[in-house]
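First comes the structure, then the notes that go with it.
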Amino acid sequence: MVIAAESYADFEREALMLPKEERSRLAGLLLDSLDQEDGLGLSPEWLEEIHSRVEAIDRGQVNLVSHEEVMKRFAAKIQPREADA
């Protein structure tokens, strides 16, 4: 199925305006569809783990950390080691 550029752009814009919980659910559905189509072969245990983590995010039980924050924390941890070298 091919989606016209305008309709895809509209879909993308609208999807990004969804609340975090709905974006997370949509992302999970899209990832599931890729796994089914491409035969990525994730084990049932990994699929269960992924779904469990997505649900924890949806329920607000975890604190998400941005890539920028992760890199900042990582740099702060390795900086003292680099100074010792």
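The values are calculated or read from the model by the stated rules, or taken from the named source; none is laboratory data. The model shown is predicted, which means the values in this text are computed figures rather than measured ones. Cβ: placed from backbone, ideal geometry, glycine included. Neighbour counts: every protein chain shown.
Some values worked out for this structure:
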{"item": "Members of region 49-65 that are among the basic types (Lys, Arg) and in a helix (DSSP H, G or I)", "result": "Arg53"}
{"item": "Single residue of Glu69, Glu45, Glu22 found to be within 19 Å of the chain's Cα centre (by Cα), modelled with pLDDT of 85 or more and exposed (fewer than 10 other Cβ atoms within 10 Å of the Cβ)", "result": "Glu45"}
{"item": "Contacts under 8 angstrom Cβ, first residue in region 41-53 being free of Cβ contacts under 8 Å to residues at least 60 places away in the same chain and within 18 Å of Glu21 (Cα to Cα), partner assigned to a helix (DSSP H, G or I) and of a type in the set (A, V, I, L, M, F, W, C), 6 or more apart", "result": "Ile50/Leu31"}
